[in-house]
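Scroll down for the structure; my scribbles are underneath it.
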Amino acid sequence: MFDSLSDRLQNTFEKLRGKGRLTEDDINSAMREIRMALLEADVNYRVVKNFVAQCKEKCMTAEVLESLTPAQNVVRIVLDQLTQLLGSTESKLVLAQNRTPNVIMLVGLQGSGKTTAAAKLAFLLKKQGHSPLLAACDVHRPAAADQLETLGKEIGVPVYRGDGKDAVKVASESIKAAVDGLRDIVIVDTAGRLQIDEQMMQEAVDIKNAVKPDQILMVVDAMTGQDIVNVASEFAERVDFDGVIMSKLDGDARGGGALSVREVTGKPIKFVSMGEKPDSLEVFHPDRMAKRILGMGDVVSIIEQAQQVTDEKDIESAARMLREGFTMDDMLQQMQQIRKMGGLQKILAALPGGERALKQAGGSVSDDQITRIEAMIRSMTKEERQRPKTINGQRRKRIARGSGRSVQEVNQLLKQWSEMDKMMGKMRSMANGGGNSKKARRQMTSMMRNMGMGGKMPF
């Protein structure tokens, strides 16, 4: 979503880096370009005005202009201000400790992705050990309850529908249903409209008064643009929501609304939705998003995802690799881990400069290569997977035929395996006390620990 804005800002910083020492005119020129980039991204005008003014004030200090690396200081200032604009710190979902069930109420316009956001939030909470219940309180949109029930079945979360006529009654009864079913969280999906109207707002207020939610989250379509500001302000006045779920952040709109909503309403962005799958709802980290916009990547999120998909078997496998060596089965496991983490494109996009590199490569990276590698490995015998060095010319031809690939591709796979095996050999030597550099061993140990992958090297 922020590709265009990211490119404009990175180009501006590259011009500054090429100048060495900076003058006041250089700062003024850079601030003009940043202002235009934000306005073209559809960021609210008042937000842009305040943002640029604050950046300029901090960039004009002697500490910046007279430093040895003024361009880096400008980038740091813009990063800090952008992080502050997005919310400074992570805003966690607050649940009452002395109330069961907790109630989370979702509000928003029709088409904002509210019903799917309800299911995604239920899936996220279920993974965290909760037992949520979805309440179908959108009694106006045709098949809204059917949609929620279908999504509920997909993620294994029950849906309470009630009589399907009175939204306030359904919401109230869902609390009783949660108590009877030993559910600790109720997520109330309310009705949306094509635009703000009194009937919609009053129904939301009535549901709020009836169930007294612990958290009210407004679902906002990130592709809406500056209209987000008006809509969010109206909801903030009438139902006083606690935070925002930003949906469709993986879209191709300019994204200005996402940068404006927190500054205008004072309400934090708590979650963002980056895809269609149930697991695509993520906790929003302002600092990480700011770094991605400025092309600095989001390596921390990738490490966290690696930790989430790593289990005890993976750790045991890593220990075995250090003892016995790297096999084709280990490589196959690496491919499966990449899929669990969202695929190659998601991983590459989170690396510093990754978004721009992907764009230069045509905008997308396919996981087809992973599929081809998996096919070739699965065409090998058990012995060949464990001892790839035994694969001679005849075996390579057989593997190529069995996987529908060429002999050249099989050769390339074996070359990749050989390089990874050598890398594992070096790690094995360090782990066993070999090598001449204690510093290198410490660095390798630290790297493996920080990767959170149980000592495995990524493919």
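Could you list the GluC sites (Glu not before Pro) in segment 44-89 that lie in coil according to DSSP, counting only those with at most 11 other Cβ atoms within 10 Å of their Cβ? Intermediate results must be reported in sequence, preceding the final value.
On the way: sites: GLU57, GLU63, GLU66; in loops: GLU66.
The qualifying sites are GLU66.
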Where segment 14-86 is the region considered: accessible area per residue in Å², 1.4 Å probe: 53 Å²
Built amide H within the under 5 Å cut-off of SER88, gap 5+: none
Per DSSP, loop trypsin sites (Lys or Arg not before Pro) in segment 163-245 with at most 12 further Cβ within 10 Å: LYS165
Estimated inter-spin distance, SER406 and LYS277, nm [label 7 Å along Cα→Cβ]: 3.1 nm
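In Å², what does the accessible area per residue of segment 91-240 work out to with a 1.4 Å probe?
Details: 6580 Å² over 150 residues.
That works out to 44 Å² for each residue.
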Residues with amide H under 5 Å from that of ILE216, placed H, sequence gap 5 or more: MET105, ASP242, GLY243
Sequence-distant aspartates and glutamates (8 or more away, or on other chains) whose Cα lies within less than 12 Å of LYS114: ASP138, ASP189, ASP221
³J(HN,Hα) computed for each position of segment 372-386 - Karplus, 6.51 cos²θ - 1.76 cosθ + 1.60, integer Hz, glycine/proline x: 5, 5, 4, 5, 5, 5, 5, 8, 8, 6, 4, 5, 5, 5, 7
Residues with amide H under 5 Å from that of CYS137, placed H, sequence gap 5 or more: ASP189
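Here is the link list: LYS291/LYS426; LYS389/LYS426; LYS153/LYS270; LYS248/LYS340. Which ones come out longer than 30 Å on Cα distance? Present the calculation step by step, with values, prior to reporting the outcome.
Values: LYS291/LYS426 33 Å; LYS389/LYS426 18 Å; LYS153/LYS270 25 Å; LYS248/LYS340 21 Å.
From LYS291/LYS426; LYS389/LYS426; LYS153/LYS270; LYS248/LYS340, over 30 Å: LYS291/LYS426.
For THR381 and SER88 in the same chain, what is the full-extension length gain: residue separation times 0.36 nm, less their Cα-Cα distance, in nm? Working shown, then result.
Working: separation 293, 0.36 × 293 = 105.48 nm, distance 5.35 nm.
Length gained between THR381 and SER88: 100.1 nm.
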Karplus 3J(HN,Hα) series, Hz, for segment 103-109 with 6.51 cos²θ - 1.76 cosθ + 1.60 (x for Gly, Pro): 10, 10, 10, 9, 10, x, 7
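The values are calculated or read from the model by the stated rules, or taken from the named source; none is laboratory data. The structure displayed is predicted, hence computed values, not measured ones. Glycine gets a Cβ as well: all are built from the backbone with ideal geometry, and neighbour counts include every protein chain shown. We work out accessible area using only protein heavy atoms, side chains counted, and drop any ligands, DNA or RNA first. Shrake-Rupley method; radii C 1.70, N 1.55, O 1.52, S 1.80 Å.
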